[in-house]
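Encoded as structure tokens, the structure appears first; notes follow it.
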Amino acid sequence: MNGVGRVRGGRLPDATATEALGARLAKVLQPGDLVLLEGPLGAGKTTLVRGLVAALGGDPLEVCSPTFVLLESYAVSGGAIVRVHHADLYRLRGRSSAPLDEVGLGDALDDPAAVTAVEWPESWSWLGGLARRVCRVRLDYEGDTRDASVEWSMPPL
Ligand SMILES: Nc1ncnc2c1ncn2[C@@H]1O[C@H](COP(=O)(O)OP(=O)(O)O)[C@@H](O)[C@H]1O
Ligand SMILES: [Mg+2]
């Protein structure tokens, strides 16, 4: 990790705010970027991806929590970004073995015209080493209060 940048996240009073954070993120994403979405069940990870996909010109209705599918891909029209790959590793959490091939994450990260968002990356700390630019979003909630923190790691310019 050569460079780290923090972006404001802050309070997320409603689902629209979570989508708006995804839209803000979309503005700074580049092809090849990896977005790791940490946080408990119901924290808003899928909601953030929905906002991100919508802001990139994709169909937000396509974005759902992929319970049975581990990876979905959405067509978008975000300039150089034409696809968003969206993995949900909930069902694999706690496993020590690499989820890459099982999920299709290797191919997703090799896609030069896509960004990849991963829910439930916590079990595999090395996932953060798989892309040049990695954005780690942490979503938390306690009662009705939801918060986000966003941290980028990327090589120096
Ligand atoms: N900031 C927020 N405040 C209140 N509800 C939210 C917020 N963000 C998302 N939600 C709602 O929480 C529920 C779970 O969101 P979801 O994105 O599926 O969570 P996750 O993918 O982390 O399990 C959805 O009904 C969503 O609309
Ligand atoms: Mg989800």
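The numbered conditions (1) closer than 13 Å to Leu37 by Cβ; (2) in a loop (DSSP other than H, G, I, E, B) are all true for Leu139 except (2).
Residues in segment 107-121 that are over 12 Å from the mean Cα position of the chain (by Cα), surrounded by 14 or more Cβ atoms within 10 Å (Cβ to Cβ) and either assigned to a loop (DSSP other than H, G, I, E, B) or not aliphatic (A, V, I, L, M) (or both): Asp107, Asp111. Across segment 6-23, the qualifying residues are those that are surrounded by 15 or more Cβ atoms within 10 Å (Cβ to Cβ) and modelled with pLDDT of 95 or more, and the one among them that is farthest from ligand 1 (Cβ to nearest atom) is Ala23. Annotation note: of Gly32, Gly44, Gly57, the sole residue that is more than 23 Å from Tyr141 (Cα to Cα) and either of a type in the set (Ser, Thr, Tyr) or touching a strand residue (DSSP E or B) at 6+ places or on another chain (Cβ under 6 Å) (or both) is Gly57.
A residue that is within 16 Å of ligand 1 (Cβ to nearest atom), out of contact with any Leu (no Cβ under 8 Å at 6 or more places or on another chain) and modelled with pLDDT of 95 or more can be found somewhere in segment 74-95. Checking Val53, Val63 one by one, the residue that is within 14 Å of ligand 2 (Cβ to nearest atom), of a type in the set (Val, Ile, Thr), at pLDDT 95 or above and within 11 Å of the chain's Cα centre (by Cα) is Val53 and no other.
The values are calculated or read from the model by the stated rules, or taken from the named source; none is laboratory data. It should be emphasised that the depicted structure is a prediction, and the values quoted were computed from it without experimental measurement. FYI the Cβ positions are ideal-geometry reconstructions off the backbone, even for glycines, and counts take in every protein chain you see.
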